[in-house]
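Enquirer: Sharing a structure with you now.
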Amino acid sequence: MMKKVLITGANKGIGFECARQLAQKGLFVYLGSRNLENGLKAEKVLKNEGFENVDAIQLDVTNQDSVSAAREIIGRKTDVLDVLINNAGISGGLAAQNAQEVTIDTFKDVFNTNLYGVIRVTRAFMDLLANSNEPRIVNVSSGIGSHTLNSDPQFQPMTSKFVAYGTSKSALNMYTINLAYELRDTPFKVNMIDPGYTRTDLNAQQGTGTVKAAASCIIDYTTIDKDGPTGMFFSWEYNPESGIIPW
């Protein structure tokens, strides 16, 4: 039976490339897109490349009604979801964020997507995931969310520019730890992946990595077997040897 995956923020960037690579592997991919028109455009591109196993779904992770509607639509199409990739995220703006001056509104906006959005989607689709023999959840994070790395003075010049973003990813990391722990005696595997500083709209194409390489890092953890890791934080950018980085 063809495995099924839902990717949030799948109409462009890393999410779109994840969709392409998973479609190549024979999975059926639901392309979650905040704007359905953009999602349908992404679907058309993939179908023009020969992939019929894709379907655009309107999904705004910041809106509970949208998340619930997406769950209802996908639930009419399938009883099982095998993989959830929580990819959708925002930076909070490209201007440097001073910890003493960044506004509460900026924090609220960033957390609403990067943390609360993940929680909304995960909760909504947990029942479909539980019907899978090998359910996998991958939460896309960043090394900027690592407390240990951020405590290193050599690392701080980068992280200090993204205070709201880094804080949201730290919170997401903690949510992931708890979720993985609760599911430790089940077939679920739940991991955090930092795909690296990738050229996407999130950073106005200033990143140094490619979406192809970033997506590959994420996809590796959607296909792990029953003996694979869970509750771990991986970044091949910061640890090229094992990929494991500190929380």
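The values are calculated or read from the model by the stated rules, or taken from the named source; none is laboratory data. Computed from a prediction, not measured in an experiment: that's the story for all the values here. Heads up, the Cβs are rebuilt from the backbone with ideal geometry, glycines too, and the neighbour counts pull from every protein chain shown. Only protein heavy atoms, including side chains, enter the accessible area calculation; ligands, DNA and RNA are left aside. Shrake-Rupley method; radii C 1.70, N 1.55, O 1.52, S 1.80 Å.
Enquirer: Tell me the carbon and sulfur percent of the accessible area for the range 97-190, rounded to whole percent, probe radius 1.4 Å.
Expert: Heavy-atom surface of the range 97-190 belonging to carbon and sulfur, 1.4 Å probe: 52 percent.
Enquirer: Can you tell me which of 135-143, 77-85 comes out highest on packing, and rank the rest after it, using the mean Cβ neighbours within 10 Å?
Expert: 135-143, 77-85
Enquirer: Using a 10 Å Cβ count of at most 14 others and DSSP loop calls, identify the longest part of the chain lacking such GluC sites (Glu not before Pro).
Expert: Excluding the exposed sites themselves, the longest stretch runs over 102-240.
Enquirer: For Phe233, what charge total do you get from the other residues with a beta carbon under 12 Å from its beta carbon, if Lys and Arg give +1 and Asp and Glu give -1?
Expert: 0
Enquirer: Right, here's the next one. At Glu52 and Ile119, where each label point lies 7 Å from the Cα along Cα→Cβ, what is the point-to-point distance in nanometres?
Expert: Placing both labels 7 Å beyond Cα along the Cβ direction yields 4.2 nm.
Enquirer: Now for a different question. Exceeding 24 Å between C-alpha atoms, which entries from my cross-link table qualify? They are Lys25/Lys77; Lys44/Lys108; Lys25/Lys226; Lys47/Lys189; Lys41/Lys226; Lys41/Lys77.
Expert: Long pairs (Cα-Cα over 24 Å): Lys44/Lys108; Lys47/Lys189; Lys41/Lys226.
Enquirer: For the range 53-131, what relative contact order do you get, as a whole percent, if you take Cα pairs closer than 8 Å and at least 6 residues apart?
Expert: Computed over the range 53-131, the figure is 46 percent.
Enquirer: Just going by the charge dipole of the range 77-125, with Lys and Arg at +1 and Asp and Glu at -1 on Cβ, which of Phe107, Gly93, Val121 is farthest out on the positive end?
Expert: Of the options given, the answer is Val121.
Enquirer: Let's test the formula: R0 of 25 Å, r as the Cβ-Cβ distance of Asp152 and Lys212. What FRET efficiency results, to the nearest 0.05?
Expert: 0.30
Enquirer: Please compute one quarter of the surface area of the Cα convex hull for the chain and express it in square nanometres.
Expert: Quarter of the Cα hull surface area: 12.8 nm².
Enquirer: Same structure again: Considering Cα pairs under 8 angstrom that are at least six residues apart, work out the relative contact order of the chain and quote it in whole percent.
Expert: Here the relative contact order equals 19 percent.
Enquirer: Given the -39500 (n - 2.57) contribution per DSSP H run of 4+ residues, what per-residue ellipticity at 222 nm results for the chain, rounded to the nearest 500 deg cm²/dmol?
Expert: -13000 deg cm²/dmol
Enquirer: Given points 7 Å out from each Cα along the Cα-Cβ axis, report the Ser68 to Asn112 separation in nanometres with one decimal.
Expert: In this crude label model, Ser68 to Asn112 measures out at 1.8 nm.
Enquirer: Same structure again: Rounded to two decimals, what is the ratio between the C-alpha radius of gyration of the range 65-153 and 2.2 N^0.38 Å?
Expert: Relative to the rule-of-thumb radius for its length, the range 65-153 sits at 1.36.
Enquirer: Say R0 is 30 Å: what FRET efficiency, to the nearest 0.05, do Met1 and Tyr181 get from their beta-carbon distance?
Expert: 0.50
Enquirer: Let me ask you something else. Net charge around Val110, counting only other residues with Cβ within less than 14 Å of its Cβ (Lys, Arg = +1; Asp, Glu = -1)?
Expert: Within the 14 Å Cβ shell, the charges total +1.
Enquirer: Enumerate the calculated ³J(HN,Hα) couplings along the range 224-237 in order (Karplus 6.51 cos²θ - 1.76 cosθ + 1.60, θ = phi - 60°), each rounded to whole Hz, writing x wherever the residue is Gly or Pro.
Expert: Once rounded to whole Hz, the list reads 5, 8, 5, 9, x, x, 8, x, 10, 10, 10, 8, 6, 6.
Enquirer: Taking amide H positions as placed in the peptide plane 1.01 Å from N, state which residues far from Ala56 in sequence (5 or more) or on other chains have amide H under 5 Å from it.
Expert: Leu31
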